[in-house]
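Notes follow the structure.
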Amino acid sequence: MTIAEILGHQAPLTDLPTLGRMTGQAESTIYQLAAQNRLGLEVIRLGRKRYVRTVDVWKFLGLTPEGNGDGAGGPAPTPLAEQSATTRSSK
């Protein structure tokens, strides 16, 4: 699949065969990695089918679209511990 096709996949969940096409892996390899908890993505079971979140796939592949309103692609959020220290030191 091309990058445009991957980013054009707007469904909230991606099934494992489609994930295989997105990553260039055989479907059997994707299912085997999912069964061994070695896929690197959270697998969601709905009935007999298995899915992963599409946004997680985009992040996994380094293709997070810019400007989609979820803060993706922007600066990383400041950890709470650093926020607290900054707030205390500014008082």
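Any read-out appearing in this document is the output of simple, stated calculations on the displayed coordinates, not a laboratory observation. Keep in mind the model is a prediction, meaning the values are calculated, not measured. As a convention, Cβ positions derive from the backbone with ideal geometry for all residues, glycine included, and neighbour counts pool all protein chains shown.
Residue 58 passes every criterion in (1) free of Cβ contacts under 8 Å to residues at least 40 places away in the same chain; (2) part of a helix (DSSP H, G or I); (3) among the aromatic types (Phe, Trp, Tyr) apart from (1).
Those residues that are more than 16 Å from the chain's Cα centre (by Cα) and exposed (fewer than 13 other Cβ atoms within 10 Å of the Cβ), I need them from segment 30-44; list them, please. 35, 36 - these are the residues of segment 30-44 that are more than 16 Å from the chain's Cα centre (by Cα) and exposed (fewer than 13 other Cβ atoms within 10 Å of the Cβ).
Listed by position, the helices (runs of 4 or more DSSP H) contained in segment 1-52 that have at least 2 residues being of a type in the set (Gly, Ala, Ser) are 3-8, 27-35.
Taking each residue of segment 21-36 that is among the small types (Gly, Ala, Ser) and looking for partners that are not in a loop (DSSP other than H, G, I, E, B) with beta-carbon atoms closer than 8 Å, six or more apart or interchain, yields 26/20; 34/16; 34/50.
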